[in-house]
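Below is one structure, written out as structure tokens; the observations come after it.
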Amino acid sequence: METSTKVEVISKETIKPSSPTPHHLRNFKLSLLDQLSPPLYVPIILFYAPTADHIHDHHRRYHHVDMLKRSLSNTLTRFYPLAGRFKDNILIDCNDEGVDYFEAKVNCKISDFMMRPDVLLHQQLLPSNIASNYGNLARKEEEEALAAVQINVFNCGGVAISLCVSHKIADASTITTFINGWAATSLGDTKILCRPTFDSASLFPPRQVTPPPGPCKVVNKLVVTKRFVFDAAKIAVLRARLVVLLADNSSTVTRVEAVSTLIWKSAMEVSRVKSSGSLSSKPAAAPISVVNHIVNLRRRMNPPLPQESFGNLLGVATAAASTTVSSLNELVAQLRVAINKFNNDDYTRRLKSTGGDDDEDQELTQRMEEQAGEVEVEVAAVEVCWMTSWCKFGLYEIDFGWGMLD
């Protein structure tokens, strides 16, 4: 791909719900888990290869893009909090001010773009107001749209739909539910229209908590972004190996557990290199490695919540191990114990009741606040890894009329 590749924004507007939000729904309460979520945007880009008719018919292509705007407006009526604005760290004023919407053209083929993924170019595909102002703490949260969309049309007819949604109101499950609802609306498919449920504030009532810090710019530090592709056959071999190594092999290690453990172990190896200069040498210190793994609470609640439950319904599973003695099977066992805590009805009950005056609840809330505000660990002997998985959210099945994801 040539270095002259350019993403040019050609239009900007605000998309509002097609129907006004009823007055009794005007104030949408945040849940405790929303309050403790970081004030940053979660980005996602969906790539669609050109269809045969769009390659030669530019009018049809842009008619399809125009249809996306109308269906987005209709979808916002069902997901009405996304069209509102924050009010402190307590609620959303569902005032129908809408979401930011951009259209852009890209002067290259989508196949060229995908062959050599470039982080800086990918950022240009994101809604331009998000990409240019990310980390600007001077901007008032109350003035910002909670979601922004950018439709990028490649000169071959391919399309990249990018979406950024505030993490203060939505997790990955909520975002994919919204996109699936938008796609179904664009196709006129009433059978699979997603209708969200709004239960989170009643399950996890808001309270006076310290909001987590906003995104901070990294200064004088080397930051590297890498993409690793794991072959399905190799993952299967790794899972089978971990089942054999585990003392309790009554259940199969999941793909996410296997890959997460491998990444965690690899991070430990890097730590050992830093502290000793050689993988074969004994490190001078015995640093501790901590992994915080995001867990979707919806199916782990009692009774389970529907996948369409709106908001941040996630927990943080924390496991710790010494970087000098931990083997792969020890690490996956510790990670599984941490994740499986959320399958315990007593633990999820404590999460639901958090916010009372009980000392145990206060301790749990304090821990949740610490995890929410944990940006960097100052103690040199402790390294923290954050992990999350977007598997099984149905992202690859999202169809806006161009077929499945490329």
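The values are calculated or read from the model by the stated rules, or taken from the named source; none is laboratory data. Please read these numbers as outputs of a predicted model, since none were measured by experiment. As a convention, Cβ positions derive from the backbone with ideal geometry for all residues, glycine included, and neighbour counts pool all protein chains shown. Areas reflect the complete protein model, heavy atoms only, side chains present, ligands, DNA and RNA absent. Shrake-Rupley method; radii C 1.70, N 1.55, O 1.52, S 1.80 Å.
List of remarks:
- Subset of the range 9-50 (residues that are over 14 Å from residue 146 (Cβ atoms), more than 18 Å from the chain's Cα centre (by Cα) and in a strand (DSSP E or B)): 9, 10, 11, 12, 13, 27, 29, 48
- A residue that is modelled with pLDDT of 80 or more and surrounded by 11 or more Cβ atoms within 10 Å (Cβ to Cβ) cannot be found anywhere in the range 271-282.
- Restricting the range 150-185 to residues that are at pLDDT 90 or above and open to solvent by 20 Å² or more (accessible area, probe 1.4 Å), the residue that is farthest from the chain's Cα centre (by Cα) is 185.
- The set of residues in the range 308-333 that are polar (S, T, N, Q), surrounded by fewer than 20 Cβ atoms within 10 Å (Cβ to Cβ) and at pLDDT 90 or above contains only 318.
A quick yes/no check of all residues on (1) surrounded by 15 or more Cβ atoms within 10 Å (Cβ to Cβ); (2) over 30 Å from residue 36 (Cα atoms); (3) at pLDDT 90 or above:
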residue: 83; (1), (2), (3): yes, no, yes
residue: 96; (1), (2), (3): yes, no, yes
residue: 104; (1), (2), (3): yes, yes, yes
residue: 120; (1), (2), (3): no, no, no
